1. State the extension gain, in nm to one decimal, for the chain segment bounded by Val190 and Lys74, taking 0.36 nm per residue of separation less the distance between their alpha-carbons.
2. Let me spell out the model: positive unit charges on the Cβ of Lys and Arg, negative unit charges on the Cβ of Asp and Glu, origin at the Cα centre of region 40-248. What dipole size does that give, in debye rounded to 20?
3. Cut-off is 10 Å between beta-carbons; in what order do Phe71, Phe182 appear when sorted fewest neighbours first?
4. Would you order Asp52, Asp151, Asp79, Asp39 from fewest to most other beta-carbon atoms within 10 Å of each residue's own beta-carbon?
5. For every other residue with a beta carbon closer than 9 angstrom to the beta carbon of Val170, add +1 if it is Lys or Arg and -1 if Asp or Glu, then tell me the sum.
6. Of all DSSP beta bridges in region 40-248, what percent run antiparallel (nearest 5)?
7. Fewest Cβ neighbours within 10 Å first, please rank Arg48, Arg206, Arg242 accordingly.
8. Determine one quarter of the surface area of the Cα convex hull of region 40-248, which equals its mean projected area, and express it in nm² to one decimal.
Amino acid sequence: MACALCDGTGWRPVERDGVRRVERCDCWRTGLTERLMEDARIPERYERCDLDKFDDYNDSLVEALRKARIFIDKFPVVDKGLLLVGNPGLGKTHIAVAILKEVIRRNHARGLYWATAKLLRRIRDTYNPVVKATERDVIRPVIEAELLVLDDLGVERLTDWVDETMNLIVNTRYNEKLPTIFTTNIPLSVPPKSHVETLVERIGIRVYSRLQEMCQFVVLEGVDYRELGPGATKEELAELLRKGSLSHKAPPGRGRAMAKARLPEGQLDLGWTGGKAGT
């Protein structure tokens, strides 16, 4: 059914001080927001994520929410994105997606969500070894999104190809000063003689160096809420915090790498030097 105010045109007539004109109808704004939300590729599991629904039961989570709200209020005039760091089950993806949704609602920004491993798999699947390039409609939106969320950074084993591809994405956004929100389960540092790898080892020194300038590093602490299931009380969270989460006993980590990245004029050349993509 067509809108009663604009008859489906997206423009409604208004009169101010005896002058008639047209302005964008609320139905057009609502429709635009809905289209942008669909284009953002937010997984169904996270569609209901909202900062007001996040349980900030310790100081680190309170601080993470504070920085998230500051980012939303300042967007698009933000100097840095965010790197949300912490063990699984702390709500990093919840916060990142909630920011993305609110930025789209308020600013009608072109936002995009990708799980890092899934994005790399998609790029790899569309790679053409003959021209050594990947499909523009895959990587171009990632590079150009006004706000990008890359979830689970460092989850992929760091090969030359992964390093090269991630450096292309991160370095291009770095150069264009486009804000990016990353989440990762990989620790920034570990005790001496530990066998657990750090984030710089998992993503390579070039990407890590860019992140230090591109993002505020926000470290989250707490327990894995998934161990308690939905609807856990603050008392149950406090008890789990006392005992410690089973999934937090052995932090993730492995990998190593080095490579190059470039974006020549008019071509999405990922610069693979040989072999199959991803090897």
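Every read-out reported here was derived from the displayed coordinates using simple, explicitly stated rules and does not represent laboratory data. Fair warning: this is a prediction, and the values are worked out from it, not measured in the lab. Quick reminder, even Gly has a Cβ in these numbers, built from the backbone with ideal geometry, and neighbours come from all protein chains shown.
1. On the way: separation 116, 0.36 × 116 = 41.76 nm, distance 3.34 nm.
Stretched out fully, the Val190 to Lys74 stretch lengthens by 38.4 nm.
2. 480
3. Values: Phe71 22, Phe182 27.
The most exposed by this proxy come first: Phe71, Phe182.
4. With the sparsest Cβ surroundings first, the list reads Asp52, Asp79, Asp39, Asp151.
5. +3
6. DSSP beta bridges in region 40-248 are roughly 5 percent antiparallel.
7. In order of increasing Cβ crowding within 10 Å: Arg242, Arg48, Arg206.
8. Mean projected area of the Cα convex hull: 12.5 nm².
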